[in-house]
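Worksheet: the structure to be examined is printed underneath.
None of the figures in this text is laboratory data; all of them are computed from the coordinates on show. Values in this document were obtained by computation on a predicted structure and should not be read as measured data. A quick note on method: Cβ atoms are made from the backbone with ideal geometry, for glycine too, and the neighbour counts reach across all protein chains shown.
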Amino acid sequence: MTRTLTTISALAAFALVSCDASGRKSTAMDVSPQKPTEPTGKVIKNDDEWRQLLSAEQYHILREAGTERPNGRAYKEFKQQGAGSYHCAGCNALLFSSKEKFDSDCGWPSFYDPAKAENVDIREDISLGMTRVEVLCARCGGHLGHVFEGEGFNTPTDKRYCINGGGLRFVPDEAKP
Ligand SMILES: [Zn+2]
């Protein structure tokens, strides 16, 4: 019974997210077949413009500091992805790459360092009764996730950039220029 219900809800979830109204989004994490043009300065848009540009999930993560559920579809996709780079789904700024990706098993995409440090900002976040360090896109101010330090991961930095996959755009290395 439980298994049947799980299967049904998994199928329902898949049906809901596999194709949005515009039919352009088939993955939880955006994937670009072409290398995107990166912003050269700050990207400033009003709320209406962000709502038009982003999917509901992207808007929730990037503009409302939302958190996707752990072990969700974007994370499963992330684990399957090969070499490539991870850009901001809001403004295309390069943020992370598969070189800094590691498996922390925490349920969200993890990196030990940004690929382009100038595109990644951090600030203290005291929401939800915790003191954490929020990670943001330095170009458009989009919320990406949080960074944790000193957890004992065997990586060059011992930092875990715990990032919402739904706010990223994956660009495989073989993407066309
Ligand atoms: Zn951005």
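Quick notes
- When residues of the range 151-164 are limited to those that are in a loop (DSSP other than H, G, I, E, B) and touching an Asp or Glu at 6+ places or on another chain (Cβ under 6 Å), the one farthest from the ligand (Cβ to nearest atom): Thr157
- Subset of the range 56-85 [closer than 21 Å to Ile44 by Cα and in a helix (DSSP H, G or I)]: Ala56, Glu57, Gln58, Tyr59, His60, Ile61, Leu62, Arg63, Glu64
- Scanning the range 25-54 for residues that are within 10 Å of Gly167 (Cα to Cα) and in a loop (DSSP other than H, G, I, E, B) yields Ala28, Met29, Leu54.
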